[in-house]
Amino acid sequence: MARAAAAAEWSGRAAAAARWSGRAALAAVGALAGLLAACVSPAAEAGGDGVARASFAQPSTRYNHEALGPGNEWAALGLDGTEFPAGDALVFEDVAPRLADLDGDGDLEVIVVESSLTQGSRLAVWGGKGRIAATPFIGTRHRWLAPVGAADLDGDGRVEIAYVETPHLGKILKIVRLDGDRLAPVAEARGLTNHRYGDPFIQGGIARCGGVPTILAANADWTRVVAIALSGGALISRDLSAYRDPGSFANLPGCD
């Protein structure tokens, strides 16, 4: 459980500066890579219906949204060597699948973004035998969501998933929790984002700030780094620092 929670908390931070150039970017990438190496077991094991390895397969151009730039839309999801097709009406639209133990059974589930050709994106959770649960589609073509990560954000022993719905437009941070065969809403807050249109990486993520799992995101106009905690069913935001570039999410005081 501790391994899976740690793997969930790193979320997309290790990729936050994947194509950001310059000496400062290299330093930031090194710091994030170090965090990843410290948190994630190099060979995740899974049993039962869990998943040990996940990747996207079969690049697709049928949706042609390119929110993440060209080459980040996929027609299949590979789980432990088996490919599951998205179907003619869907693509997977994300930088990579994310592994996390979302129900506390010791097995890893997979978090992905699925996009409908007509209704936009939804967050979905898969197990080794197929899709377990999904949020509703946003409802409009070419409307996307950017995952933040997964962790026990409020200390109640249950893992939450955080994502930003329409990070380029609505900028709504949403928290959901896997509850059987559905993703139950927990909390949401407006005016937060983690992605700029066309970037092939997602910024921010989940860090431990003051010993507490904390969401890191940007404010709506990309001028400040914001820390967001889940407490009592509500999201509480506090300003951390100025946002200058993707490296602004690395080495924040009080966060690791």
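Observations, loosely collected:
- Neighbours by Cβ (under 6 Å, 6+ apart or cross-chain): first from the stretch 76-92, closer than 23 Å to residue 142 by Cα and touching a residue at least 12 places away in the same chain (Cβ under 8 Å); second part of a strand (DSSP E or B) and open to solvent by 60 Å² or more (accessible area, probe 1.4 Å): 76/58; 76/83; 76/85
- Figure legend. Inter-residue proximity from the stretch 161-184: first residues over 13 Å from residue 134 (Cα atoms) and among the polar types (S, T, N, Q), second residues at pLDDT 95 or above and open to solvent by 40 Å² or more (accessible area, probe 1.4 Å), beta-carbon distance below 8 Å, spacing 6+ or different chains. Indicated pairs: 166/138; 166/143.
- Condition check for residue 218: within 17 Å of residue 153 (Cα to Cα), open to solvent by less than 60 Å² (accessible area, probe 1.4 Å) and in contact (Cβ under 8 Å) with a residue 12 or more places away in the chain: no
- Meets criteria (of a type in the set (A, V, I, L, M) and either under 25 Å from residue 94 (Cβ atoms) or touching a Cys at 6+ places or on another chain (Cβ under 9 Å) (or both)) for residue 172: yes
- Inside the stretch 185-202, residues that are surrounded by fewer than 14 Cβ atoms within 10 Å (Cβ to Cβ) and either polar (S, T, N, Q) or without any contact (Cβ under 8 Å) to a residue 60 or more places away in the chain (or both) make up a count of 2.
- Test result for residue 144, among the aromatic types (Phe, Trp, Tyr), in contact with a Ser or Thr (Cβ under 6 Å, 6 or more places away or on another chain) and in contact (Cβ under 8 Å) with a residue 40 or more places away in the chain: yes
- Residue among 75, 89 that is farther than 30 Å from residue 227 by Cβ, over 18 Å from the mean Cα position of the chain (by Cα), open to solvent by less than 50 Å² (accessible area, probe 1.4 Å) and among the small types (Gly, Ala, Ser): 75
- Taken over the stretch 225-253, the criterion of being closer than 28 Å to residue 70 by Cα and either open to solvent by 30 Å² or more (accessible area, probe 1.4 Å) or free of Cβ contacts under 8 Å to residues at least 12 places away in the same chain (or both) is satisfied by 244, 245.
- Within the stretch 59-70, residues that are over 10 Å from residue 200 (Cβ atoms) and polar (S, T, N, Q) sit with their Cβ atoms under 9 Å from residues that are open to solvent by less than 80 Å² (accessible area, probe 1.4 Å) and outside any loop (DSSP other than H, G, I, E, B), at 6+ positions apart or across chains, in these pairs: 60/73; 60/74; 60/75; 60/76; 60/91; 60/92; 61/73; 64/73.
- Count of residues meeting criterion [in a strand (DSSP E or B) and open to solvent by 30 Å² or more (accessible area, probe 1.4 Å)] in the stretch 99-134: 5
- Condition met for residue 185 (in a strand (DSSP E or B) and at pLDDT 95 or above): yes
The values are calculated or read from the model by the stated rules, or taken from the named source; none is laboratory data. Predicted model only: the values in this text are computed from it and were never measured. Reconstructed Cβ throughout: ideal geometry from the backbone, glycine too, with neighbour counts over all protein chains shown. The accessibility values were calculated without ligands, DNA or RNA, using every heavy atom of the protein model including side chains. Shrake-Rupley method; radii C 1.70, N 1.55, O 1.52, S 1.80 Å.
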